[in-house]
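The values are calculated or read from the model by the stated rules, or taken from the named source; none is laboratory data. Quantities reported herein were computed from a predicted structural model and do not represent experimental measurements. Positions of Cβ are backbone-derived with ideal geometry, glycine not excepted, and every protein chain shown enters the neighbour counts.
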Amino acid sequence: MGAILAQNTAWSNVERALAALRARGLLTPRRLGVVPPRRLARLIRPSGTFRIKARRLRAFLAYLRRRYRGRLRGMDRTPLAELRAGLLAVPGVGPETADSILLYALGRPVFVVDAYTRRVLHRHRLLSAAAGYEEARALFERHLPGDPRLFNEYHALLVAVGKRYCQSRPRCEECPLRFDLRGKPPRGGARRAGRRRRAPRGSAPVLPSP
Ligand code: SF4
């Protein structure tokens, strides 16, 4: 549920919506599945675009009922590729949402890619600006052991770096990943970063350093 509520909003808003559902004992697929659409939309209002998300939640719950008798645990025995294809066929479930369900709810070894991740990869010359979601996901899954706990932590760290340092104007001088730039400016971010942080006259240039 959290994966759908989290689309295009901050997690703090999702928590408020989840708290409203929890307070009414609705945090199970079976109970949530019988909540009328308008009431569901009202309850999840804090998560934003609540009417759309209510429709998506209901579509996901219908899929869960149809394929797995309404139980997340039923998904455990389905091969990963088949499960992912099934989730992606649910209206409103895109790759990031599907992979969040697979990794966070089901503990499957799938790397979740978000906008922060792609920005860091692009600035570090690991991914072109035109690369899509699947290309970024494949890059991680090719180079990391397929361990859900590692994927979970790795993604969380990238999000933390993205929020704190790799913003629209990158703050490379303070970022823990600056060593990976090997003294080069971040791709696509150098000009803006330089404009913001001009070194005082006579001082050494501020460059990312190992
Ligand atoms: S070193 Fe710069 S480009 Fe790399 S992640 Fe940090 S802020 Fe972004």
*asked:* Residues to consider are Leu40, Leu18; find the one that is more than 24 Å from Asp114 (Cα to Cα), modelled with pLDDT of 95 or more and part of a helix (DSSP H, G or I).
replied: Leu40
*Is it the case that some residue within segment 76-96 is within 15 Å of Pro29 (Cα to Cα) and among the hydrophobic types (A, V, I, L, M, F, W, C)?*
no
*So which residues in segment 156-190 are over 15 Å from His122 (Cβ atoms), within 22 Å of the chain's Cα centre (by Cα), within 14 Å of the ligand (Cβ to nearest atom) and assigned to a helix (DSSP H, G or I)?*
Leu157, Val159, Ala160, Lys163, Arg164
*Is there any pair linking a residue in segment 168-181 that is more than 19 Å from Ala115 (Cβ to Cβ) and free of Cβ contacts under 8 Å to residues at least 12 places away in the same chain to one that is near the ligand (Cβ under 8 Å from one of its atoms) and assigned to a loop (DSSP other than H, G, I, E, B), with Cβ under 9 Å and at least six apart or on different chains, and which?*
Glu174/Tyr165
*asked:* Quick test for you: out of Ala17, Ala6, Ala81, pick the one residue that is surrounded by fewer than 16 Cβ atoms within 10 Å (Cβ to Cβ) and either aliphatic (A, V, I, L, M) or closer than 22 Å to Pro95 by Cα (or both).
replied: Ala81
*more than 16 Å from the ligand (Cβ to nearest atom) and either within 26 Å of Arg77 (Cβ to Cβ) or of a type in the set (Lys, Arg) (or both) - does that describe any residue in segment 111-131?*
yes
_Quick check on this structure: which one of Arg118, Arg67 is assigned to a helix (DSSP H, G or I), in the same structural domain as Tyr154 (by TED's automatic domain parsing) and among the charged types (D, E, K, R)?_
Arg118
*What residue, among those in segment 121-152 that are in contact (Cβ under 8 Å) with a residue 60 or more places away in the chain and not in a loop (DSSP other than H, G, I, E, B), is farthest from Arg164 (Cα to Cα)?*
His122
*Return the residue satisfying two criteria in turn: it lies in segment 33-53 and is of a type in the set (A, V, I, L, M) and farther than 19 Å from Ala98 by Cβ, and of such residues it is surrounded by the fewest Cβ atoms within 10 Å (Cβ to Cβ).*
Val34
*What number goes with the only condition from (1) assigned to a helix (DSSP H, G or I); (2) surrounded by 13 or more Cβ atoms within 10 Å (Cβ to Cβ); (3) away from the ligand (no atom under 16 Å from the Cβ) that Gly92 does not pass?*
(1)
